[in-house]
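Below you'll find the structure, written out as structure tokens, and then a few comments.
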Amino acid sequence: MTANVARDPPAAPERSEFDGWEDWYSRRNYREMPWFSPRPSPWLVRAVRERWIPRGASVIDVGCGTGSNVLWLVKKGFRTVGVDLSPTAISIASSRARKARIDAEFRVASATELPFRPGSFASALDTGCFHSLPLHSRVPYAKEVHRILRPGGAFLLTWIPREVRTEMGPPHRPSLAETAEVFEPWFVFTGIERHDSGSSGGWTVKRERVGRCTARLERRRTTQPPPW
């Protein structure tokens, strides 16, 4: 798939934003990353099975890491692009695609400055990007996902919420209320679920079960109605 590119890819982010993620991928075996899984996200598998993502739709995976979700989507017939802040992560994802003989597209990009035209994608996926962003980047991120999605497009979001007290996980874990405050101006929440650390829906991070929240959002077709 060749994405609908509107402008040149953004320049490398400032070191304060870029440094940590690139260091993670460049200095470690990606298979030993706390969040790595060779399998697709269970939330994504369910979304495809229940047709939350239309069959054959164009999908962007924001914060794709080493590309497991993208590779699975392409094999299922979806036109998919994966983006990540780390050039090393993207290089690994591209290498995995070549070895598997999967024609997948990966690009280095910041989640708050995606190099695609408005409405380029029918669906978007985030399985751990939002909860890792600096606090000041949350609203710009919501606006950017809204911009690249078509009206009514599905956005699948997974994050570790504030209520989870395990050591593993992002430092600034958004609560459900904070997440809703960020996204509601641009999206309608059509489904929210909480998975505790002991459930089959939890994440395994360094062999530790970690609770998470999942939400299904729909890009607003019109502006958000004013509050009462």
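Rule-based calculations on the coordinates, nothing more; no lab input. Please read these numbers as outputs of a predicted model, since none were measured by experiment. Ideal geometry is used to build each Cβ from the backbone, glycine not excepted, and the neighbour counts take in all protein chains shown.
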Most exposed to least, judged by fewest other Cβ atoms within 10 Å, 26, 123 sort to 26, 123
Contact order relative to length for region 30-219, counting C-alpha pairs under 8 Å separated by 6 or more residues, stands in percent at 18
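Write out the trypsin sites (Lys or Arg not before Pro) in region 96-176 meeting two conditions: DSSP loop, and at most 11 other Cβ atoms within 10 Å of their Cβ.
Numbers: sites: 96, 98, 99, 101, 107, 138, 143, 147, 162, 165; in loops: 101, 162, 165.
In loop regions of region 96-176 (DSSP not H, G, I, E or B), the sparsely surrounded trypsin sites (Lys or Arg not before Pro) are 101, 165.
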Here the gain from full extension of residue 113 to residue 143, 0.36 nm per residue of separation minus their alpha-carbon distance, amounts to 9.8 nm
So for region 30-219, using the alpha carbon gyration tensor with a ≥ b ≥ c as root eigenvalues (a/c under 1.5 gives rounded; past that, a/b versus b/c decides prolate or oblate), I'd call it rounded
Expected sort for 47-54, 113-120 on mean C-beta neighbours within 10 Å, highest first, is 113-120, 47-54
Ranked from fewest to most other Cβ atoms within 10 Å of their own Cβ, 218, 32 fall in the order 32, 218
Checking rank on 59-70, 185-196, with mean other Cβ inside 10 Å and highest first, the result is 59-70, 185-196
In nm, the gap between the two label points placed 7 Å beyond Cα toward Cβ at residue 196 and residue 51 is 3.5
